[in-house]
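Below is one structure; the comments refer to it alone.
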Amino acid sequence: MLRIDNLQAYYGRIAALKGVSLEVPEGTIVALLGANGAGKTTLLRTISGLLPAAQGTIEYNGQRIDQATPDQIVRLGISHSPEGRQVFPECTVMENLKLGSYIRRDKQNLKGDLDQIFHHFPALKPRLRQLAGTLSGGEQQMLAIGRALMSRPKLLLLDEPSLGLGPLLVKEIFTIIKEINASGVTVLLVEQNAYLALNIATYGYVLETGKVVLHDTGANLRQNEEIKHSYLGH
Amino acid sequence: MGYFPMVLHSTLNATAEGFDWITLGRNIINGFSFGSIYALFALGLVLIHKSSDVVNFGHGEMAMFFSYIGLSLMGLLLGVNISKPAAELPSQLGWEVFLPALLGTLLFAALMGLGIERFLLRPLAKASVLSQVMVTIGIGTLLYGLASWLWKAEPRAYPRIEAVSGPPFQLGELALTREDLTFLSVAIVMASGLFLFFRYTMVGIALRAIAQNPFAARLMGINVGRLNGLAWAMALMLAALAGMLAAPKLQLEPGMMADVAVKSFAAAVLGGINSLSGALLGGLLIGIIDNLAGFYLPDGLRATIAFLIIVAVLTIKPHGLLGKPLPKKV
C-alpha cells in the first residue's frame with residue numbers, strides 16, 4: 001500500500017532522514033520504533049506532505065505522492081494524527097470532528113461517520129458541545145484519532161498515541177487501534193513504547209539517526225536481544 | 001500612516017455652556033454613528049488577524065483607495081471623469097448609480113485582498129509577523145501616494161445616497177439621521193453575519209482552525225493559503241463598504257482615513273483582537289467616548305482620552321473586553 005524508497009528529508013539544514021526505505025502492506029499495523037530524534041515524526045510529516053522530500057520516492061497504491069500537497073494526500077486516503085494531539089482547543093469536539101471530514105464531499109454521511117467514531121470512543125459522545133481544550137489528555141488523544149478517522153482514511157498515521165497517558169488509558173487506546181485496524185484501516189504507528197507497539201504490530205522498523213537499522217515481524221522483534229536491551233528495558 | 005491623525009469634524013459645535021441631556025444624547029448618537037464605522041474597520045482587522053495573525057496597518061489607506069474607486073465608478077456611470085480637477089458629481093445619488101458602483105468597488109477590494117495575500121504575504125509566510133506587518137504598511141503608503149497622484153490631494157465632496165439623506169427621525173428633541181441608522185445597522189448586520197459565518201459554515205470553522213493551529217489545519221486537508229486569501233478578500237470588502245459609507249461624512253482626500261484607522265485599531269484591541277463581537281463593541285465604545293471627550297473636554301485632550309481608557313481597560317483585561325487569550329501556536 002505504502003512503499004518508501006531511499007527517502008531523504010531535511011529539518012532546516014539538518015538531515016533528518018538519510019535514505020529510509022520501508023513498506024506498509026495493506027491491512028497491517030506497522031510499528032516505527034526508535035529513540036527521540038531518530039526521525040520517526042519527520043518520516044510521518046514527509047509522508048503527509050508537511051515536509052518536502054529532498055530525495056527518494058513515496059508511493060501510495062502505486063502512485064508517487066512525494067511531491068503532493070497535504071490536502072491532496074488527505075484526499076487520497078492518508079490521514080495523520082499528529083504527535084501531541086494538536087486538537088483545535090477553541091473549537092468544540094463536534095467542530096473538531098467536522099474539521100476532520102473537511103475534504104469530504106459527501107457530507108450527508110456525517111452522522112454515520114460520527115456513529116462510527118462513538119463506537120470506538122464512547123467517551124466523546126457526551127462531550128460534543130464542549131471545547132476541545134477543556135478535555136482531559138486521554139479524551140484529547142481519542143479526539144485526535146477520531147478526527148483523523150473522519151476523513152475515512154485507508155491509511156492512518158499515528159504519532160505517539162500513548163504520550164503522556166496513564167497505563168490504563170494507554171491500554172484502552174491500543175485496544176481501539178487494533179479495532180480500527182480490524183475495520184479495514186491500515187496503520188503506520190510511531191511509538192516510543194516499543195513493548196506496546198510490537199504487541200499489536202504485524203511488522204516493525206527500528207530507526208536510528210535517520211536510518212532503518214533493523215526490521216522484522218513484530219513477533220521476531222519482540223524476541224530480538226538488541227530490541228529487548230535498548231527498547232524493552234530488559 | 002506617516003501623518004498624525006487629524007481631528008474629525010463633529011457635526012456639533014462645542015459652544016454650549018453647561019450640561020443638558022439633549023446635548024449628551026446628540027453626542028452619543030453621533031458617537032454611535034462614527035463608532036459603527038470604526039466597528040466595520042475593526043471587524044476587518046479582526047478577520048485578518050484571526051486567520052493569519054497579521055495586523056493590517058494599511059487598512060485605512062485601503063479603505064480610502066476604495067472610496068476613490070467607488071467615486072470613479074460613479075463618475076463612469078454618470079459620464080464624469082473624476083480625475084479632472086473641475087469634475088463634480090451631484091451631492092446625492094440614487095441606488096441605480098450607488099449600487100453598481102458599490103458592487104464594482106467590492107469586487108475590486110476582493111481581488112486586491114486575494115492579490116495581497118497571494119503575492120505579497122504568502123511568500124513571507126515563514127518570516128516574522130513583523131515583516132508581514134511592514135508589508136501592510138508599505139501597501140498603505142503606496143496607495144496613499146497613488147491616490148494623491150491619480151486624484152490629486154485636494155479634499156472633495158462625496159455623494160450621499162439619496163434614500164438615506166431624507167429627513168431625520170425625531171426622538172423627542174433628538175434627531176436621528178437616516179445616515180446614522182444606516183451606519184449602525186450595517187455594522188450590526190455585518191458583525192452578526194460574520195459571527196454566523198464563523199460559527200456555522202465549514203469554511204468559517206476552518207478559518208478558526210487555522211488561527212488556532214495552522215499545522216493541524218493543514219493535516220485536515222485545509223488549504224491554508226486559499227482560506228487566508230478569502231479572509232483578506234472579506235476584510236477588504238468590509239473596508240470598501242465602510243469607506244464608501246463614511247466618505248460623505250469625512251470628505252474625500254488621501255488622508256481621510258488616518259484618524260478612523262487609528263481609532264479602529266484601538267477599537268479592535270479594546271474589544272479583543274480575536275473577537276468579532278468585541279470589534280463591534282469596541283468600535284461603538286470608542287466612537288461614543290471620543291465624541292463625548294471631543295465635546296466636554298478641552299481640545300488637546302480629545303485624541304488622548306480614548307487611548308487612556310484603552311490602556312486602563314487593558315491593564316485589567318489584557319486580552320480586551322471580549323477577547324480570549326491567544327492560543328499558543330505550535
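Any read-out appearing in this document is the output of simple, stated calculations on the displayed coordinates, not a laboratory observation. Please read all numbers here as calculations on a predicted model, not as lab measurements. Cβ placement follows ideal geometry from the backbone for every residue including glycine, while neighbour counts extend to all protein chains displayed.
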Open item on the list: Test of the criteria: in the range B:15-70, which chymotrypsin sites (Phe, Trp or Tyr not before Pro) are in a DSSP loop and have at most 12 other Cβ atoms within 10 angstrom of their Cβ?
Closed with: B:Phe19
Open item on the list: Mean-square fluctuation check for chain B, GNM, Cα pairs under 10 Å: which of B:Arg118, B:Arg218, B:Arg302 is largest?
Closed with: B:Arg218
- [ ] Shielding by partners for A:141-147, please: the mean number of other protein chain Cβ atoms within 10 Å of each residue's Cβ.
- [x] 1
Task: Three-way shape call for the range B:176-289 based on the alpha-carbon gyration tensor, with the a/c threshold at 1.5 - done: prolate
Open item on the list: Quick check on the range A:32-102: take the gyration tensor over C-alpha atoms, sort the square-rooted eigenvalues as a ≥ b ≥ c, and tell me if it's rounded (a/c under 1.5), prolate or oblate.
Closed with: oblate
Task: Calculated P(r) of the protein assembly as shown - Cα pairs past 40 Å, % - done: 39 percent
- [ ] Treat the range A:1-71 as a sphere of radius equal to its Kirkwood radius over Cα pairs and apply Stokes-Einstein at 10 °C in a medium of 1.306 mPa s; give the translational diffusion coefficient in µm²/s, rounded to a whole number.
- [x] 129 µm²/s
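Do any trypsin sites (Lys or Arg not before Pro) in the range A:91-127 lie in a loop, going by DSSP, with at most 16 other beta-carbon atoms within 10 Å of their beta carbon, and if so which? Show your work: numbers first, answer last.
On the way: sites: A:Lys98, A:Arg104, A:Arg105, A:Lys107, A:Lys111, A:Arg127; in loops: A:Arg104, A:Arg105.
Answer by residue number: A:Arg105.
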TODO: State the Cα centre-to-centre distance between the range A:27-52 and the range A:129-166 in whole Å.
DONE: 17 Å
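According to the Cα gyration tensor, what semi-axes, each the square root of 5 times an eigenvalue, does the equivalent ellipsoid of the range A:51-164 have, listed from largest to smallest in whole Å? The partial results should precede the final answer.
Numbers: eigenvalues 137, 55, 26 Å².
Working through the eigenvalues yields semi-axes of 26, 17, 11 Å.
Show me the GluC sites (Glu not before Pro) within the range B:70-157 that DSSP assigns to loop and that have at most 15 other Cβ atoms within 10 Å of their Cβ.
Working: sites: B:Glu88, B:Glu96, B:Glu117; in loops: B:Glu88.
Passing both the DSSP loop test and the Cβ count: B:Glu88.
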TODO: Neighbouring Cβ atoms within 10 Å as the yardstick, rank A:Asp71, A:Asp216 fewest first.
DONE: A:Asp216, A:Asp71
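From the Cα trace of chain B, what convex hull volume per residue do you get, rounded to a whole Å³?
Details: hull volume 46.4 nm³, N = 330.
Taking only Cα atoms, chain B has a hull volume of 141 Å³ per residue.
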- [ ] Distance check, please: which entries in A:Lys98/B:Lys317; A:Lys171/A:Lys211; A:Lys111/A:Lys154; A:Lys125/A:Lys171; A:Lys40/B:Lys324; A:Lys125/A:Lys154 exceed 27 angstrom between their Cα atoms?
- [x] A:Lys98/B:Lys317; A:Lys171/A:Lys211; A:Lys40/B:Lys324
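From the P(r) of the range A:103-234, can you give the percent of Cα pairs sitting at distances over 20 Å?
Working: 4391 of 8646 pairs.
The calculated P(r) of the range A:103-234 puts 51 percent of pairs beyond 20 Å.
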Task: Reach of B:Lys126 by Cα under 15 Å, taken over aspartates and glutamates that are not fewer than 8 positions away in the same chain - done: B:Asp53, B:Glu117
Open item on the list: Run lengths n ≥ 4 of DSSP H only: what is the helix-derived mean residue ellipticity at 222 nm for chain B, with -39500 (n - 2.57) per run over all residues, to the nearest 500?
Closed with: -22000 deg cm²/dmol
Open item on the list: Quick test of the membrane-span-like rule: which DSSP H helices of chain B reach at least 24 Å along their long axis (C-alpha atoms) with mean Kyte hydropathy at least 0.0?
Closed with: B:21-52, B:59-78, B:95-115, B:129-151, B:178-200, B:224-250, B:276-296
Task: C-alpha center-to-center spacing [the range B:295-327, the range B:159-209] in angstrom - done: 24 Å
TODO: Enumerate the lysines that B:Lys249 could reach by cross-link, defined here as Cα to Cα under 22 Å, with residues fewer than 8 away along the same chain left out.
DONE: B:Lys152, B:Lys263
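Across peptide B:207-217, what mean number of C-beta atoms from other chains lies inside 10 Å of a residue's C-beta?
Values: counts 0, 5, 9, 1, 2, 8, 7, 0, 5, 12, 5.
Per-residue shielding by partner chains comes out at 5.
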Task: Inter-chain shielding of B:190-202 (mean C-beta neighbours from other protein chains, 10 Å cut-off) - done: 1
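Rank by packing, highest mean first: peptides B:73-80, B:197-204, with packing defined as the count of other Cβ atoms within 10 Å averaged across residues.
Values: B:73-80: 16.6, B:197-204: 14.1.
Those peptides, ordered most packed to least, come out B:73-80, B:197-204.
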Open item on the list: Over the Cα atoms of chain A, what radius of gyration and what Dmax do you get, in Å?
Closed with: 17.2, 52
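Under the classification rounded if a/c is under 1.5, otherwise prolate if a/b is larger than b/c and oblate if not, where does the range B:17-147 fall, given a ≥ b ≥ c as square roots of the Cα gyration tensor eigenvalues? Before the final figure, lay out the partial values.
Details: a/c = 2.28, a/b = 1.18, b/c = 1.93.
Oblate is the answer for the range B:17-147, as a/c is 1.5 or above yet b/c matches or exceeds a/b.
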